[in-house]
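The block underneath contains the structure these notes are about, expressed in structure tokens.
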Amino acid sequence: MFGKAKMMAKALRLKKAVEKEIVELEENGIVVKISGDQKIKFLSVNGVENAILVDVINRAMKKSQKQVARKMQEMGGFGDLF
């Protein structure tokens, strides 16, 4: 029981650490900042920030992740691979 709680606490710390990591790329007048948990935190084109686009992209990525997770579950997940 304590082992599981310890594992969950470690997983939560890892999740928070990953979320804090930020990668920034600037190319051709476009600046993108993405967190380690694959969420767009900032997007600007030619110096103009576009928060609406950031929100739409993040929602699309989340929808895609849910769809893939559902498909993987339908196919039996990773249980047979390990």
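Please treat every number below as a calculation from the coordinates, not as lab data. Because the structure is a prediction, the values reported are computed rather than measured. Here the Cβ positions follow ideal geometry from the backbone for every residue, glycine too, while neighbour counts run over all protein chains shown.
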### Query
For the chain, modelled as a GNM with alpha-carbon contacts under 10 angstrom, which of Lys66, Lys41, Lys33 fluctuates the most?
Lys66
### Task
Take the Cβ-Cβ distance between Asp55 and Arg13 as r, set R0 to 30 Å, and report the resulting FRET efficiency rounded to the nearest 0.05.
0.60
### Query
Exactly which GluC sites (Glu not before Pro) in the chain are in a DSSP loop and have at most 15 other Cβ atoms within 10 Å?
Glu21
### Message
Given the options Gly47, Ala11, Ile34, identify the residue whose Cα lies farthest towards the positive end of the charge dipole of the chain (+1 on Cβ of Lys, Arg; -1 on Cβ of Asp, Glu).
### Response
Ala11
### Task
Could you tally the net charge around Ser35, taking each other residue with its Cβ under 15 Å from the Cβ of Ser35, Lys/Arg +1 and Asp/Glu -1?
+2
### Query
If you line up the long axis of helix 51-74 against the longest principal axis of the chain, both from Cα atoms, how many degrees apart are they, to the nearest 10?
30 degrees
### Value of D in µm² per second that Stokes-Einstein yields for the chain, Kirkwood Rh from Cα pairs, at 4 °C (1.567 mPa s)
84 µm²/s
